[in-house]
1. Looking at region 93-120, which of its residues are modelled with pLDDT under 80 and exposed (fewer than 14 other Cβ atoms within 10 Å of the Cβ)?
2. Residue check, Tyr214 against (1) modelled with pLDDT of 95 or more; (2) assigned to a loop (DSSP other than H, G, I, E, B); (3) surrounded by fewer than 17 Cβ atoms within 10 Å (Cβ to Cβ), all met but one. Which one?
3. Please go through (1) crowded, with 24+ Cβ neighbours inside 10 Å; (2) modelled with pLDDT under 95 for Asp155 and return the number of the only condition it doesn't satisfy.
4. How do the strands (runs of 3 or more DSSP E) wholly within region 1-50 filter down when requiring 2 or more residues that are over 23 Å from Ile187 (Cα atoms): which remain?
5. Out of region 233-280, which residues are assigned to a strand (DSSP E or B), modelled with pLDDT of 95 or more and over 19 Å from Leu163 (Cα atoms)?
6. Of all residues in region 250-279, which are within 21 Å of the chain's Cα centre (by Cα) and farther than 17 Å from Ala226 by Cα?
7. Evaluate region 132-146: report whether one residue or more is modelled with pLDDT under 90 and more than 21 Å from Glu16 (Cα to Cα).
8. If a residue has to be farther than 18 Å from Phe207 by Cβ and touching a strand residue (DSSP E or B) at 6+ places or on another chain (Cβ under 7 Å) to count, how many in region 165-181 make the cut?
Amino acid sequence: MDWTEILITINTEAVEAVANFVHESGAGGVVIENNDNGTSTVTAYFPVGQATQTMLASLEKFWLNLETLDLKAEANVRTTVIAEQDWAEEWKKYYQPVEIGNIYISPSWLEPAAAPGRIFVQLDPGMAFGTGTHPTTKMCIREIAALAPGKTVLDLGSGSGILSIVAAKSGADRVDAVDNDELAVKIAAENARINQCTINQLQGDAFAEFANSYHDLVVANIGYNACARLAEIFLQGKNCTLILSGFPRERLAEFEEQFGDLILRTHIQEGWVCLVLGAK
């Protein structure tokens with residue numbers, strides 16, 4: 001089977017929504033790369049033929065839908081056909097080991113380098129937001145590794161399951177993970193199995209789960225509007241530590257104006273924000 005490589009260059013604020021959209025549209029894989037000019041490039045792979053044409057037609061409608069998410073998108077879309085034998089190699093050039101503190105994330109085709117105290121996580125290509133390469137994922141991982149030991153953890157919008165796996169391998173007492181996408185739930189469950197982790201993976205609504213949950217640590221790497229909604233729920237008396245990420249620095253002042261009293265720590269990396277909320 002040959003594949004069509006679709007490259008979508010878009011303003012960074014909209015990149016997560018676009019990446020999720022192409023993933024849910026059946027992409028064989030999605031990669032996100034940050035550029036130096038305030039844009040990001042989403043690379044997605046679709047089988048040559050009708051699937052590609054359907055995807056390109058759907059993108060035209062999707063730009064209009066972004067307005068309902070309070071996002072504006074100016075996109076440049078390019079396509080290239082890649083032969084089956086080259087597709088795997090295309091993937092491999094994007095995925096090298098990622099080291100975040102004592103967490104070492106590696107694809108299966110690379111032998112992990114042993115080191116005292118190092119925690120290994122094995123993930124193969126899928127959604128780039130779930131492979132440890134994106135700044136928001138890295139910042140969340142640092143906080144989870146420090147806060148999860150001995151705690152009950154809830155991962156909202158769990159995607160590939162990477163944050164849940166890090167929590168479990170860092171010594172969390174229990175890890176629950178929620179995603180509204182059936183395929184994401186299956187992928188996360190498989191990744192947990194590969195990493196020999198026990199994670200309660202659920203398909204459902206992240207907001208409802210958070211509102212009704214009783215966890216020590218809650219993490220969500222899912223975009224600005226979702227983070228603001230979770231912060232509103234947090235204000236209703238949740239007794240936990242909340243890690244929020246997935247939105248650009250340009251939205252930070254807006255968030256601080258509404259929820260500044262809740263913020264314990266602020267991290268910024270490559271223009272992206274990660275916040276830790278809790279009782280002061």
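1. The answer is Lys93, Gln96, Ser108, Trp109, Leu110, Glu111, Ala113, Ala114, Ala115.
2. (1)
3. (2)
4. Details: elements: 3-11, 29-34, 39-47.
Once the strands (runs of 3 or more DSSP E) in region 1-50 are filtered for at least 2 residues that are over 23 Å from Ile187 (Cα atoms), what remains is 3-11, 39-47.
5. Within region 233-280, Ile263, Leu264 meet the criteria.
6. Arg265, Thr266, His267, Ile268, Gln269, Glu270, Gly271
7. No: region 132-146 contains no residue that is modelled with pLDDT under 90 and more than 21 Å from Glu16 (Cα to Cα).
8. To start, the set of residues in region 165-181 that are farther than 18 Å from Phe207 by Cβ comprises 165-175.
When the remaining residues are screened for being touching a strand residue (DSSP E or B) at 6+ places or on another chain (Cβ under 7 Å), the result is 165-170, 172-175.
Looking only at that region, the number is 10.
The values are calculated or read from the model by the stated rules, or taken from the named source; none is laboratory data. As the structure is a computational prediction, the values presented were derived from the model and not from experiment. A quick note on method: Cβ atoms are made from the backbone with ideal geometry, for glycine too, and the neighbour counts reach across all protein chains shown.
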